[in-house]
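Asks: Please find one structure pasted underneath; my questions will follow.
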Amino acid sequence: MTVWLVVLVLVGLAHSAIPDYRWVLIHTFTLGAVTNSIVVWSQHFTESFLDQRLDHAARPPQLRRIALLNLGVVGTLAGQVAAVTAVTHLGAGIVAAALLWHAWALCAQARRRRGAPLLPCVLGYVASALCLTVGAAIGALLASSPEGATHDRLMQAHLILNLGDFLGLAASATLAVLFPALWGRPPRRDAPGAHPWVVLGLHLCGLCAAVPGALLDHPWVLFAGLALYTVGWLLACAPWFRIALSAGPKAATYGSVSVTAALAWLLGCLVWFCVDVLRQGAHAAPPITALLVGFGGQLLVGMMSYLLPVTMRVRSAWGLRETYRAGMLRVTLTNGGLALWLLADYSWLRVAASALAVLGLAAFLPLMVRAVRAQVGGHTQAASLSEIPETPEVPEVQHARGGTGQVALGLSLLALVTALCGGLAGPGGTAPGSGPGSGPETRVSVRAGDMAFEPATVTVPRGHRLVIELRNEDSRAHDLKLTNGARSGRVTPGREATVDAGIITADVPGWCTIAGHHSRGMNFDVLVED
């Protein structure tokens, strides 16, 4: 997992030289870091939940599964970068095989302890692995699927399976026991969370409805599945949030606050997605950036900041002091930066906000190295990874000191960046190319279809107000955003939207903001003439 996080940082720094770098970044994180983390820790927690410590003879097959998984991840990424579809398909097939093997191994352990109280959590891990197996198969189809309505439906199902069900089911299963420990409470082993069987059943029923709804383009089926899935998460989170509220600010640490914030982002994204499906239909796209950074990134880093020192069981207070260092500042930068990233129209503010948000997460890598050195330095006792401590060590150094000051510092940095960029809309409150006031009106009709705007360029006299009548004649949803802040919102097939671009004083470029459409040439330009 750590190696993939380092690779992710390197890819981000060299993104301009990498073809389709956004796809590579997303899959380096999800397939590389997240999948390895889930496979390793689901095995670890399954043994703990079932009180079934495996002997050393079982470890070599586990290592072979991890090696097979990483071989598939490397093949998938290499095939996509080199534009060799056969290699991408082979890599995706290897990933699917590794996850099937992992699911079968967990099932074998679960069968031996059918009456265990935490059996729903283990079955959640099994369902999570199977979801990625199907998601990998759909991803292979996407690599060779031509652009069109079928491609969009596959993409929708792929995102739901991988972000919602693979990551979501694994997170729900783990946090049922781990969340209390993050807030300084002994992990519960009798009745984790609220109605574990009900939560698991709602998640699986939601999955069984949402994925076919996306594939078959049935918005009401998709909405019903998403609603069931969201209700499952609300039931799971209710007792966890009560634990956080009862623990209070004195128990707040980087791990506990970041994981709680990740769950808040997840619930917000699920509700937003459900509403958007009602408004836009099955073409509505999930908020990928918020899910990846706000939920996936924060959840992974927050949990690892706690688990790595504690499971070593050797001077864990020393390690926690390092992984939680400047915790409230990092949480503020990540969540505040992500909010600015999503809200800003000015491109430079979006760049700065995204850098602060990612910096808050990437700080985990050097701190992790410091934590390992602090724990193993001068100590040779072997670490046991068999179970979560019944009474986790929560020394004073683990909790955030000066938390209020760190939050104030983080908010000040975010406010300074926003002010330097001239606010959310850019310098002067409006982006270049538009001006205040009224003037003669120029009205143009623009058609969206076949991954292009027609016409792709319009010429407007300087000082005229431009009104664009956008009609979507494609089989998938599109939108139009101009750099002066004007935007159409998502326009579903057969619908129209009117965009008031304001008074045109300079050339204004635009594009379709839906994932992948801009990179495929869906650009629009407003040219000014005297």
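The values are calculated or read from the model by the stated rules, or taken from the named source; none is laboratory data. Nothing here was measured: the structure is a model prediction, and the numbers come from that model. Please note: Cβ atoms are built from the backbone with ideal geometry, for glycine as well, and neighbour counts cover all protein chains shown. Side chains are part of the model used for accessible areas, which takes the heavy atoms of the whole protein and leaves out ligands, DNA and RNA. Shrake-Rupley method; radii C 1.70, N 1.55, O 1.52, S 1.80 Å.
Asks: Got at least one residue in the range 55-62 being part of a helix (DSSP H, G or I), touching a residue at least 40 places away in the same chain (Cβ under 8 Å) and either open to solvent by 10 Å² or more (accessible area, probe 1.4 Å) or under 21 Å from Leu161 (Cβ atoms) (or both)? Spell out the reasoning first.
Replies: Keep residues of the range 55-62 that are part of a helix (DSSP H, G or I), which gives 56-62.
Those left that are additionally touching a residue at least 40 places away in the same chain (Cβ under 8 Å): 61-62.
So of that shortlist, the ones also either open to solvent by 10 Å² or more (accessible area, probe 1.4 Å) or under 21 Å from Leu161 (Cβ atoms) (or both) come out as 61-62.
Within the range 55-62, one or more residues are part of a helix (DSSP H, G or I), touching a residue at least 40 places away in the same chain (Cβ under 8 Å) and either open to solvent by 10 Å² or more (accessible area, probe 1.4 Å) or under 21 Å from Leu161 (Cβ atoms) (or both).
Asks: Which residues, taken from the range 218-235, are open to solvent by 60 Å² or more (accessible area, probe 1.4 Å) and either at positive phi or not β-branched (Val, Ile, Thr) (or both)?
Replies: His218, Trp220, Leu228, Leu234, Leu235
Asks: Restricting to helices (runs of 4 or more DSSP H) lying wholly in the range 249-342: which have 1 or more residues that are of a type in the set (Ser, Thr, Tyr), more than 20 Å from Thr2 (Cβ to Cβ) and open to solvent by less than 10 Å² (accessible area, probe 1.4 Å)? I'd like the intermediate steps shown before the answer.
Replies: Working: elements: 254-280, 298-312, 316-323.
It comes to 254-280.
Asks: Given the criterion in a helix (DSSP H, G or I), in contact with a Leu (Cβ under 6 Å, 6 or more places away or on another chain) and under 24 Å from Ala176 (Cα atoms), identify the matching residue among Thr46, Thr30. Don't jump to the end; show me each part of the working.
Replies: Numbers: Thr30 fails: in contact with a Leu (Cβ under 6 Å, 6 or more places away or on another chain).
Exactly one of Thr46, Thr30 is in a helix (DSSP H, G or I), in contact with a Leu (Cβ under 6 Å, 6 or more places away or on another chain) and under 24 Å from Ala176 (Cα atoms), namely Thr46.
Asks: Can you tell me which residue is farthest from the chain's Cα centre (by Cα) among those in the range 458-504 that are polar (S, T, N, Q) and more than 11 Å from Phe524 (Cβ to Cβ)?
Replies: First pass over the range 458-504, keeping only residues polar (S, T, N, Q): 459, 472, 475, 483-484, 488, 492, 498.
So of that shortlist, the ones also more than 11 Å from Phe524 (Cβ to Cβ) come out as 459, 472, 475, 484, 492, 498.
Numbers: Thr459: 40, Asn472: 29, Ser475: 27, Asn484: 28, Thr492: 25, Thr498: 32 Å.
Among them, the one singled out is Thr459.
Asks: In addition: Within the range 128-168, how many residues are open to solvent by less than 20 Å² (accessible area, probe 1.4 Å) and charged (D, E, K, R)?
Replies: Qualifying residue count, the range 128-168: 1.
Asks: Let me ask something else. Assigned to a helix (DSSP H, G or I), out of contact with any strand residue (DSSP E or B) (no Cβ under 7 Å at 6 or more places or on another chain) and open to solvent by 40 Å² or more (accessible area, probe 1.4 Å): does that describe Leu361?
Replies: Details: assigned to a helix (DSSP H, G or I): yes; out of contact with any strand residue (DSSP E or B) (no Cβ under 7 Å at 6 or more places or on another chain): yes; open to solvent by 40 Å² or more (accessible area, probe 1.4 Å): no.
Taking the combined requirement at face value, the residue does not satisfy it.
Asks: Yes or no: the range 470-490 includes at least one residue that is open to solvent by 20 Å² or more (accessible area, probe 1.4 Å), at pLDDT 90 or above and not polar (S, T, N, Q).
Replies: Among the residues of the range 470-490, at least one is open to solvent by 20 Å² or more (accessible area, probe 1.4 Å), at pLDDT 90 or above and not polar (S, T, N, Q), which makes the answer yes.
Asks: What's the number of the only condition in (1) free of Cβ contacts under 8 Å to residues at least 60 places away in the same chain; (2) over 18 Å from the mean Cα position of the chain (by Cα); (3) within 26 Å of Glu322 (Cα to Cα) that Tyr254 fails to meet?
Replies: Here Tyr254 meets the rest and fails (1).
Asks: Of the numbered conditions (1) of a type in the set (A, V, I, L, M, F, W, C); (2) farther than 27 Å from Val40 by Cα; (3) open to solvent by less than 20 Å² (accessible area, probe 1.4 Å); (4) modelled with pLDDT under 90, Ala181 satisfies every one except a single condition; which is it?
Replies: Tallying (1) of a type in the set (A, V, I, L, M, F, W, C); (2) farther than 27 Å from Val40 by Cα; (3) open to solvent by less than 20 Å² (accessible area, probe 1.4 Å); (4) modelled with pLDDT under 90, Ala181 fails exactly one: (2).
Asks: If you don't mind, there's one more thing I want to ask. List the pairs whose first member sits in the range 491-511 and is touching a residue at least 40 places away in the same chain (Cβ under 8 Å), whose second member is open to solvent by 40 Å² or more (accessible area, probe 1.4 Å) and aliphatic (A, V, I, L, M), and whose Cβ atoms are under 7 Å apart, counting only residues at least 6 apart or on separate chains?
Replies: Asp507/Leu527
Asks: Out of Gly429, Gly449, Gly439, report the one residue that is open to solvent by less than 70 Å² (accessible area, probe 1.4 Å) and either modelled with pLDDT of 80 or more or touching a helix residue (DSSP H, G or I) at 6+ places or on another chain (Cβ under 6 Å) (or both). Spell out how you get there, then give the answer.
Replies: Numbers: Gly429 fails: either modelled with pLDDT of 80 or more or touching a helix residue (DSSP H, G or I) at 6+ places or on another chain (Cβ under 6 Å) (or both); Gly439 fails: either modelled with pLDDT of 80 or more or touching a helix residue (DSSP H, G or I) at 6+ places or on another chain (Cβ under 6 Å) (or both).
Selected residue: Gly449, the only one of Gly429, Gly449, Gly439 that is open to solvent by less than 70 Å² (accessible area, probe 1.4 Å) and either modelled with pLDDT of 80 or more or touching a helix residue (DSSP H, G or I) at 6+ places or on another chain (Cβ under 6 Å) (or both).
Asks: Now a separate question. Residues being without any contact (Cβ under 8 Å) to a residue 40 or more places away in the chain and either open to solvent by 10 Å² or more (accessible area, probe 1.4 Å) or not in a helix (DSSP H, G or I) (or both): count how many of those fall in the range 90-125.
Replies: Final tally of qualifying residues: 11.
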